[in-house]
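Worksheet: one structure, shown below.
Just so you know, all these numbers are worked out from the coordinates, no wet-lab data involved. Only a predicted model underlies this, so the values are computations on that prediction, with no experimental measurement involved. Positions of Cβ are backbone-derived with ideal geometry, glycine not excepted, and every protein chain shown enters the neighbour counts.
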Amino acid sequence: MDRPATPTLDRVKLPADLKALSDRELHALAAELRAETISAVSVTGGHLGAGLGVVELTVALHAVFDAPRDKIIWDVGHQCYPHKILTGRRDRIRTLRTEGGLSGFTKRSESPFDPFGAAHSSTSISAALGFAMAADLGGDPGDAVAVIGDGSMSAGMAFEAMNNAGHLKKRLFVVLNDNEMSIAPPVGALSSYLSRLYAGAPYQEIKQAAKGMVSLLPEPLQEGARRAKEMLKSMTVGGTLFEELGFSYVGPIDGHDLDQLLPVLRTVHARATGPVLIHVLTKKGKGYAPAEMAADKGHARAKFDVVTGEQKKTPSNAPAYTKVFAESLIREAEADSRIVGVTAAMPDGTGLDLFAGRFPKRMFDVGIAEQHAVTFSAGLAAGGMKPFCAIYSTFLQRGYDQVVHDVAIQRLPVRFAIDRAGLVGADGATHAGSFDVAFLANLPGMVVMAAADEAELVHMVATAAAHNDGPIAFRYPRGEGMGVEMPARGVPLEIGRGRLLREGTRVAILSFGTRLAEVLKAAESLSARGLPPTVVDARFAKPLDRELILQLARNHEALITVEEGAVGGFGSHVAQLLAEEGIFDRGLKYRSMVLPDIFIDQASPEAMYRVAGMNAPQIEAKVLETLGIATVGLRA
């Protein structure tokens, strides 16, 4: 009796093993790799659809190129799970996005097969060009391959890199993974013809042959091919634009057909001398029906049942902060026709998809272009509108010059809704909102708020809507709120005024943001020790509530600030105030609890804040330490 054949995937430990496989075996490998990816993400949760869309492309790239000598750079990294499985990490793939496990993105410290870390978009071509030039100058040898999605190509940085690459004329490969365009069947025939042509033609003949090949197609396909070519040109993703930038353009080809991918990649790999763009058409969520049928094509998933696709989400009675923001903005917009929403390719993530459903003409998704989003919002404000520019904290970093130059200096009333503030959990350091308070609060005229809970967020949306004297920002975390009682509609807060929550003695704790819940837990424990603290929700990092802070400093032995941000933010501004007022000369014990000077890897938010030293027991310990009281027996 014949023994069953060993699954192809079991024979692949590293990409070099693909070189020993026939094309037929590579087909089998792709099918097994897709099944393994689905199985792994069902256990861990994560970005599913993007990875499923590049299974065949991943196999083809590793079969043709020689990683890690050749640098394969995945833009954003959402699609890197199949790559991780083929590059020696299959045994750990079910630790994705967990504490101590694999990152959900490419990460240099994790594997030599991840030459460049990426969790934000549109960086791959710049990095690949850097690798290509380094090789040319005597650095690490090997080819550089950037795999970038059509969405990421909407960012100016991608075109800046392509412009530079075309000027330098160095050998470089850019794979445009196009999963958004709807191409008619004739283009499939066109691309099949191209792949057959590329397989045997000298590289220098490809471009010329492609120009005349429409006439070689069967007559019924010629008109469709011409229409497809014109459509591609009109959508600025066809050969003309890229050729003007100095790239040789190859495509479009079917990114799920290894019989097309392999010969094209082999030909350009063997014969390219300058920059090449290979345009592949893929389908996000390919091969898994629940993902293919989902509105987001399975982009981000909680743990799920493989058979049904049903996600296993933990129920919560508290609303998500993102939804609270969206619903609050809708209520304000119903009363004010000048309110508009702006986001950079994140309508779902920021909740502005809900706003768009109510006010479709007043919501603008500008694509992955945060710099443009900020300046576009500035123009809207200068034109008399009330723009709410909703961007994740880490993505707003990409538009900082525009915040300074186009908004703050001109004192334009742009409202920045900053989602994903603080430590976000499974996405890790790349998505942690650690720096926005510091980089916004140092700008003259900027108002900076942080919501302590979902009810406060409602009031801050109303505050931003009513504020017309310069820019204003409010930040809030990912996930569910605290379950507090919600107001029917927000009431504008007095700018620069905090709120006293409980009065105590000896020590005052001044909280900025959602660590307030942990501060209150610590306060309960301290009260049980006979040390009831004063607790204040600062609400504003700028302008500070000077009167309240100075009162706290003068009436307490110690003052401690707590915030979900890096040094240089709220606590630093409080320290500056106290120093200028000479409070430290009077013996005040002051401590500022901020995120530590490290990038914290992915884990649960609670675990990440434990690493940061900002959970209730650690806040309690900081109070006792500041007062000189022993902390023996205090729980960690």
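Note on R411 and K312: with the Förster distance fixed at 51 Å, the Cβ-Cβ geometry gives a FRET efficiency of about 0.60.
Filter K386/K542; K313/K622; K19/K84; K13/K71; K303/K521 down to the pairs with a C-alpha to C-alpha distance above 25 Å, please. Over 25 Å apart, Cα to Cα: K313/K622; K303/K521. Rg of the Cα atoms in the range 351-475, relative to 2.2 N^0.38 Å, amounts to 1.00. From the Kirkwood radius over Cα pairs of the range 499-626, Stokes-Einstein at 20 °C and 1.002 mPa s returns a whole-number translational diffusion coefficient of 147 µm²/s. P(r) tail, the range 386-537: Cα-Cα pairs separated by more than 27 Å, 28% of all pairs. In degrees, nearest 10, range 0 to 90: what is the angle between the Cα axis of helix 370-382 and the longest Cα principal axis of the chain? Value to nearest ten degrees: 60.
If the chain linking R69 and A134 were pulled fully straight, counting 0.36 nm for each residue of separation and taking away their Cα-Cα distance, it would gain 22.1 nm. Multiplying the residue separation of T631 and R499 by 0.36 nm and subtracting their alpha-carbon distance yields 44.6 nm.
Over the range 239-280, the pair-distance histogram of Cα-Cα distances with 5 Å bins from zero comes to 6, 23, 30, 23, 15, 3 percent, rounded to whole numbers. Taking Cα atoms only, the orientation of helix 616-626 departs from the longest principal axis of the chain by about 50 degrees. Normalised by the number of residues in the range 273-321, the mean separation of alpha-carbon contacts (under 8 Å, six or more apart) gives a relative contact order of 20 percent.
Which order do the peptides 97-110, 552-565 take when ranked by the mean count of other beta-carbon atoms within 10 Å per residue, highest first?
For the peptides 97-110, 552-565, the packing ranking is 552-565, 97-110.
Ordering of 342-349, 22-29 by packing is 342-349, 22-29, highest average first (other Cβ atoms within 10 Å, averaged per residue).
Which value at 222 nm does the chain reach when only helices count, each DSSP H run of 4 or more adding -39,500 (n - 2.57), with the total divided by all residues and rounded to the nearest 500 deg cm²/dmol?
Details: 24 runs with 249 residues, N = 636.
After summing the helix terms and dividing by residue count, I get -11500 deg cm²/dmol.
For the range 340-347, putting each phi into the Karplus relation 6.51 cos²θ - 1.76 cosθ + 1.60 with θ = phi - 60° gives couplings of 10, x, 9, 9, 10, 6, 10, x Hz, in residue order, rounded to whole numbers and with x for Gly and Pro. Counting only Cβ charges, +1 for Lys and Arg and -1 for Asp and Glu, the dipole size of the range 67-111 around its Cα centre is about 100 debye.
Take the Cα of N468, step 7 Å toward its Cβ, do the same at K169, and the gap between the two points is 5.8 nm.
Here E557 and A517 are evaluated by their C-beta separation; at R0 = 25 Å the FRET efficiency comes out at 0.50. Pairwise alpha-carbon distances in the range 1-99 exceed 23 Å for 22% of all pairs. Using Cα atoms only, what is the angle between the long axis of helix 321-335 and the major principal axis of the chain, expressed in degrees (0 to 90) to the nearest 10? It is inclined by approximately 80 degrees.
Amide H to amide H, with H built 1.01 Å from N, K542 comes under 5 Å of V448, counting only residues 5 or more places away or on other chains. A straight chain from K13 to A488 at 0.36 nm per residue would run longer than the Cα-Cα distance by 165.2 nm.
Shown here: the range 299-353, whose C-alpha atoms stretch 47, 27, 14 Å along the first, second and third principal axes, sorted largest to smallest. Couplings 3J(HN,Hα) of the range 548-563, computed from phi: 5, 5, 5, 5, 4, 5, 7, 9, 10, 6, 9, 10, 10, 9, 9, 8 Hz, in residue order, whole Hz [Karplus 6.51 cos²θ - 1.76 cosθ + 1.60, θ = phi - 60°; x for Gly and Pro]. Close amide-amide hydrogen proximity is noted between G470 and no other residue 5 or more places distant or on a separate chain, at a cut-off under 5 Å (H modeled in the peptide plane; Pro and chain starts excluded).
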